[in-house]
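Note sheet for the following structure.
The values are calculated or read from the model by the stated rules, or taken from the named source; none is laboratory data. Predicted, not measured: the structure shown is a model, and the values here were computed from it. As a convention, Cβ positions derive from the backbone with ideal geometry for all residues, glycine included, and neighbour counts pool all protein chains shown.
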Amino acid sequence: MLPLLLDEGLPRSAADRLRQLGWDAVHVVDLDLSGAADDVLLSLSAKDARVVVSLDSDFPRLLALSSGTAPSVLLLRLQGLDTAKTVDLILRCVELTESHLRSGAVVVHARGELRVRSLPLR
C-alpha cells in the first residue's frame, strides 16, 4: 500500500478511515501543517515517499515548474464528498494507477475519468 498525505481540502476523517483499513495515511492537520505552503508539503511528501492526495491543482503546477520527479500526486477534481465517498474514490484511483504512482506520476480524476502523466512533467 502506498503511503498517502491528504491535503486540507479533504476530510480529516478520510485519513482516519484509511488508517482503519490498514493504510499509512496522514492528513496535513495531523502533522500540524495546516496552512503550510504547497512546496513544503511536496518536499515533505517526497522525503517520506508519500503520494499527495489533493483537490488543489497547484501541486502539479509546482512539479511542472521544478521538473520534479517526486512525489506523485493524486488530484481529485471533485469537492463536497463525504468521508466514505472520498475514501472509496481514493482507493479506486490508487488501485487503477498504483504502478504509475509508484514510479512518479500525476493522476487526475475529473468527470469520472482518470488521466495519468508521468513525472517529470514537460
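Quick notes on this one:
- Failed item in (1) within 16 Å of Ala25 (Cα to Cα); (2) touching a helix residue (DSSP H, G or I) at 6+ places or on another chain (Cβ under 6 Å); (3) acidic (Asp, Glu), with Asp88 passing the rest: (2)
- Test: residue in the stretch 27-50 that is surrounded by fewer than 16 Cβ atoms within 10 Å (Cβ to Cβ), among the hydrophobic types (A, V, I, L, M, F, W, C) and at positive phi: yes
- The numbered conditions (1) under 25 Å from Glu113 (Cα atoms); (2) more than 13 Å from the chain's Cα centre (by Cα) are all true for Asp32 except (1).
- Checking every residue in the stretch 28-38 against the condition of being touching a helix residue (DSSP H, G or I) at 6+ places or on another chain (Cβ under 6 Å), acidic (Asp, Glu) and touching a residue at least 24 places away in the same chain (Cβ under 8 Å) gives at least one match.
- Any hit, the stretch 75-94, residues being under 14 Å from Arg117 (Cα atoms) and at pLDDT below 95: no
- Matching residues in the stretch 5-27 - criterion: being without any contact (Cβ under 8 Å) to a residue 24 or more places away in the chain and of a type in the set (S, T, N, Q): Gln20
- Residue among Leu96, Leu78, Leu114 that alone is surrounded by fewer than 18 Cβ atoms within 10 Å (Cβ to Cβ), closer than 24 Å to Asp16 by Cα and touching a helix residue (DSSP H, G or I) at 6+ places or on another chain (Cβ under 8 Å): Leu78
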